[in-house]
Amino acid sequence: MKQWLKRAATVSIAALLLASLAGCGSDAKKATEKTEGYPVSWTQTLNGQETTASVEKAPSRAISMSQATTEMMLALGLEDKMVGTAMKEEDIYPPLQTAYDKVKVLSEKWPSYETFMAEKPDFATGWEVPFTKRGIPADSITAQGVPIYIPSSMQKLDADLDTVFDDMQKLGAIFGVETKAQEWVNGQKKILVAVQEKIKDLPKKRVFIYDASDGKPFTAYKGYTTNILKLIGAENVMADAGVDKTWAAATWESVVAADPEYIIIADYSNGIRNDDDFQQKVAAIKDNPQLANVKAVKENHFLKVKLSEITPGVRTVEALKRLAEEIHGIRLQ
């Protein structure tokens, strides 16, 4: 009897050990599945220094400190991974409004350090400015183990639409939604290809981008805005002016000399249906006797855009489609 009990006990112990080992294997497999594709790392410039950051798993408590990055995240369906957003500069892109309404707004501009940290973030993103002394210094955030991601399109002088596509795919990798990111990129490319096919035989048009004026017109020179407009046959007349900046002041004399066929105006009006700012800028240009013989002025060729449509973000392709119709006089589906 004792020998039988001993054998039974031995079998029971062996079974328990096998079950335990199987459980460990299962747990290890789950751990591997959780971290598959990680860590994800990136390099960027913060406070004038090149830095590298990374995540070991998909963030679940992200904060976006710029509207452009907020919309980039929302376009990837990441609203449930966000605990806060800030710096809403204009109306949210309509297709993303419902998703945006699910995210807590921390501040109209940038939140204080205390408000930011109270949300226990595990990831932060935005233009570089929010992470300087004007907002919350980057080192005070990273010191708490919170990685910061500045999209390359918001830092590179030569950024173009492909840079934004790369940024979206990087966000996809960071949050483990690579498929969603690739689908978004593919969809944007499909729209753009259709536009370019329609205009491929049409002549290029000369354009001047007008943001604002403090005696001198503030305009785009190099970089993203100039590069995206090239995609629809719109050549920025200031691209070869010898100014090694993305945006800077020009002179009205240089605008007259360039004689643009169209003037693209950044509209800062509040509300989708309100264009007071645009109309005021058009009126000011028409009232400027220096510009009376500029082709765009004589032919009343003024085009309205939101700044978010011609700077890095998710709105670019739809804006290019609309601008192509207006500049080239075509109709697109």
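Observations
- On a per residue basis, the chain carries 53 Å² of accessible surface, using protein heavy atoms and a 1.4 Å probe.
- Ile265 long-range amide H proximity, modeled H, under 5 Å: Tyr210, Leu303, Lys304, Val305
- Backbone phi angles across the stretch 298-306, fed through the Karplus curve with coefficients 6.51, -1.76 and 1.60 (θ = phi - 60°), yield HN-Hα couplings of 4, 9, 6, 9, 10, 10, 9, 9, 8 Hz in residue order; Gly and Pro are listed as x.
- Dipole magnitude (debye, nearest 20) for the chain, charges at Cβ of Lys, Arg, Asp, Glu: 1280 debye
- Amide hydrogen neighbours beyond the local backbone of Ala62, cut-off 5 Å, H modeled: Met82, Val83, Asp122
- Annotation for the stretch 106-122 versus the stretch 158-187: alpha-carbon center distance of 26 Å.
- Net charge dipole, the stretch 215-327: roughly 180 debye, given to the nearest 20, about the Cα centre with Cβ charges of +1 for Lys and Arg and -1 for Asp and Glu.
- Links that overshoot a 19 Å alpha carbon limit, given the list Lys109/Lys216; Lys216/Lys245; Lys190/Lys321; Lys81/Lys102; Lys156/Lys321; Lys57/Lys104: Lys109/Lys216; Lys156/Lys321; Lys57/Lys104
- Compactness index (Cα Rg / 2.2 N^0.38 Å), the stretch 165-291: 1.29
- As an equivalent ellipsoid, the stretch 171-235 spans semi-axes of 30, 21, 7 angstrom, where each value is the square root of five times an eigenvalue of the C-alpha gyration tensor, largest first.
- Loop-resident trypsin sites (Lys or Arg not before Pro) (DSSP state other than H, G, I, E or B) in the stretch 236-333 with no more than 14 further Cβ atoms inside 10 Å of their Cβ: Lys245, Arg273, Arg331.
- The stretch 34-103: relative contact order as a whole-number percent, Cα under 8 Å and 6+ apart: 26 percent
- Applying Stokes-Einstein at 25 °C and 0.890 mPa s to the Kirkwood radius of the stretch 90-161, computed over alpha-carbon pairs, gives a translational diffusion coefficient of 177 µm² s⁻¹.
- Converting the Cα gyration tensor eigenvalues of the stretch 236-311 into ellipsoid dimensions via √(5λ) gives semi-axes, longest first, of 21, 17, 10 Å.
- Largest-first ellipsoid semi-axes for the stretch 268-333, taking √(5λ) over the Cα gyration tensor eigenvalues, angstrom: 23, 17, 10
- Mean sequence separation of contacting Cα pairs (under 8 Å, at least six apart), scaled by the length of the chain, corresponds to a relative contact order of 14 percent.
- Over the stretch 109-163, Cα pairs under 8 Å with separation of 6+ residues give a relative contact order of 35 percent.
- Kirkwood analysis of the chain, using all unique Cα-Cα pairs, places the hydrodynamic radius at 22.6 Å.
- Theoretical ellipticity at 222 nm over the chain - DSSP helices of four or more residues, -39500 (n - 2.57) apiece, nearest 500: -12500 deg cm²/dmol
- Relative to the dominant Cα principal axis of the chain, helix 178-199 is inclined by about 20°.
The values are calculated or read from the model by the stated rules, or taken from the named source; none is laboratory data. All values derive from a computational prediction rather than experimental measurement. Cβ coordinates were reconstructed from backbone atoms using ideal geometry, including for glycine residues, and neighbour counts include every protein chain displayed. Surface areas here come from the heavy atoms of the whole protein model, side chains and all, with no ligands, DNA or RNA. Shrake-Rupley method; radii C 1.70, N 1.55, O 1.52, S 1.80 Å.
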